[in-house]
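Take a look at the structure set out below.
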Amino acid sequence: MSTVLALDYTNMLAPSLGGGGLDPDRLLAELAERFSGAYAGVDGERASGAMGFFELPYDEAALSKTREVADETRQRFDNVVILGIGGSALGATTIRDALLGPSWNEQSDAERGGFPRLYVMDNADAATLGDLLSHLDAGRTLFNVVSKSGSTAETVASYLVVEGHLREMVGEDQARGHFLFTTDAERGPLRQVAEEEGIPTLEIPENVGGRFSVLSPVGVLPAALTGVDVDALMAGAVAMDARCRTPTLSDNPAGLFATLLHSADTETGRPIHVLMPYADRLRSLGLWFQQLWAESLGKDVQTGPTPLAALGASDQHAQVQLFMEGPHDKVVVFVSSPCSKDLIIPSHRKHVPGMGYLAGHTLGELLDAERRATAEALRRRGRPNMTVEMGPIDAYGLGQILMMLEIATVYAGALYGVDPLVQPGVELGKELTYGLLGREGYESSHLPAPDPRWRV
């Protein structure tokens, strides 16, 4: 039976937290009324078609085509490499790490069930890409180039490097058979190349931005290629969407998530929002959320919380000292999930002081005790925190939490009064980069030379 995600926000409220917590009556009255207005605005945008990510779990045609492409190409390749950046890579990485696990690419073909290895190149770093190309069998590798615009500088540059490498290794005619483009349906350089050379493509819907694209072919194709249960992934997202189709705040997990964090930021001076899963497989979820929350809500110079990715229990030894005794400017959101393949701690050192108490427990018990203890320690120090109880890390559970965080982001956008779908703040940097590299249509960029007085 599938586990229903739960949000425990006890440690955000005054009865548990004291003076730094939110009054429950106010949450269920004044803030609930404020949320109903935000909900109405988001629901109107959804109805207009502006927020296409809502409809991705219901798009049977796109899912069917993605499955078909995966089935046609899977058996021809031992390796799949995603070339993308930002939302065009983080979603695929999150699904891979959560559902395939950290050792997927090191497993034998038999252990992987015949499914290909999956690599994600999310930066135009020559050392990383060059090292990968030197180790992969080019003749058995598919490169999925992901860019909605088809002109993302880092992705296009990596594609051209890979294409040049393949032309040397397998010949120009054969090289095109090692590419698949995930891009806009009608526009952009990748679309042009695909149509001229017959390279297969999957489409990113016009109304779906990169950071909201994890349940589009951007994330679903790599999942399908590697044997992930994409039906369960979508079913989890549908279930979460159904739970969030209500303006009643107390019944809407995404609404509560957004309202509590918005209130913590704007009313109690806590703009730093930490997502802290207690499972290595969910480390990338924190990085995916970091982009989603930051790029969607950091707007107009004056608004926007700062998301921070952490990992339990590792960051108890790196960041929790700051969370406990540093500035009162943070909310920690824990993500709990039971360990599916637990290990018992042996008792052969039971006689050694400081070791014996662990005998007979499991590593899963230890991690969960660490999470619970950290949440309680924060509470006792008046530091707000809440827990997303995800259940087992499976496709259904991942679909739930991905959809909840996406919906919470657009609710938060409405509460902050910003458009969560645009990112004007990154455009100047892109334009200056184009100018430096001589792209047609962009003025040559002359950056000021470093002042020698201020260099050592």
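Just so it is clear, none of the values below were taken in a lab; they were calculated from the coordinates. All of these numbers come straight from a predicted model, not from anything done at the bench. Cβ sites come from the backbone with ideal geometry, for glycine too, and all protein chains shown count toward neighbours.
Taking only the Cα atoms of the stretch 172-218, how large is their convex hull per residue, in Å³?
Value for the stretch 172-218: 75 Å³ per residue.
Taking a label point 7 Å from the Cα of Ala157 along the Cα→Cβ vector, which residues of the stretch 110-137 have an amide N closer than 16 Å to it?
121-131
Between Leu132 and Leu322, 0.36 nm times their residue separation minus their Cα-Cα distance comes to what?
64.7 nm
When Glu163, Glu196 are ordered from fewest to most other Cβ atoms inside 10 Å of their Cβ, what list results?
Neighbour counts put them in this order, fewest first: Glu196, Glu163.
Based on the mean of other beta carbon atoms within 10 Å per residue, what is the order of 80-87, 436-443, 28-35, most packed first?
Descending packing order for the listed peptides: 80-87, 28-35, 436-443.
If I model the chain as equal point scatterers sitting on the Cα atoms and use the Debye formula, what is log10 I(q)/I(0) at q = 0.07 Å⁻¹?
-0.39
Under the 0.36 nm per residue contour assumption, what length would be gained going from the current alpha-carbon distance of Val238 and Glu370 to full extension?
Computed gain between Val238 and Glu370 is 44.3 nm.
Starting from the Cα of Leu358, step 7 Å along the direction of its Cβ; do the same at Thr266; then give the gap between the two resulting points in nm.
4.6
Can you list the lysines whose alpha carbon is less than 25 Å from that of Lys341, not counting same-chain residues fewer than 8 positions off?
Within the straight-line cut-off, Lys341 pairs with Lys350.
Using modelled backbone amide H atoms (1.01 Å from N, in-plane), which distant-in-sequence or interchain residues come within less than 5 Å of Leu13's amide H?
Leu22
Which three semi-axes in whole Å describe the equivalent ellipsoid of the stretch 213-308, each the square root of 5 times a Cα gyration tensor eigenvalue, listed largest first?
Sorted largest first and rounded, they come to 27, 18, 13 Å.
Nearest 0.05, what FRET efficiency do Glu186 and Arg380 give at R0 = 51 Å with Cβ-Cβ as r?
So the FRET efficiency works out to roughly 0.35.
Each residue of the stretch 12-24 in order: what ³J(HN,Hα) in whole Hz does its phi give by Karplus 6.51 cos²θ - 1.76 cosθ + 1.60, θ = phi - 60°, with x for Gly and Pro?
Each residue of the stretch 12-24 in turn: 9, 9, 4, x, 8, 9, x, x, x, x, 8, 5, x Hz.
Could you work out, for the stretch 54-228, what percent of all Cα-Cα pairs fall into each 5 Å distance bin, beginning at 0 Å and stopping at the bin that holds the largest distance?
Percent of Cα pairs in each bin: 1, 9, 19, 23, 23, 16, 7, 2, 0.
Among Lys330, Lys65, which comes first, second and so on when ranked by fewest other beta-carbon atoms within 10 Å?
Listed from fewest to most nearby Cβ atoms, that is Lys65, Lys330.
Report the far tail of the P(r) of the stretch 278-342, meaning the percent of Cα-Cα pairs longer than 16 Å.
Counting pairs separated by more than 16 Å, the tail of P(r) holds 56 percent.
Could you give the dipole magnitude of the chain about its Cα centre, charging the beta-carbon of Lys and Arg +1 and that of Asp and Glu -1, in debye to the nearest 20?
That gives the chain a dipole magnitude of about 1400 debye.
For the stretch 106-138 and the stretch 348-383, compute the distance between their C-alpha centroids and round to whole Å.
Between the Cα centre of the stretch 106-138 and that of the stretch 348-383, the gap is 37 Å.
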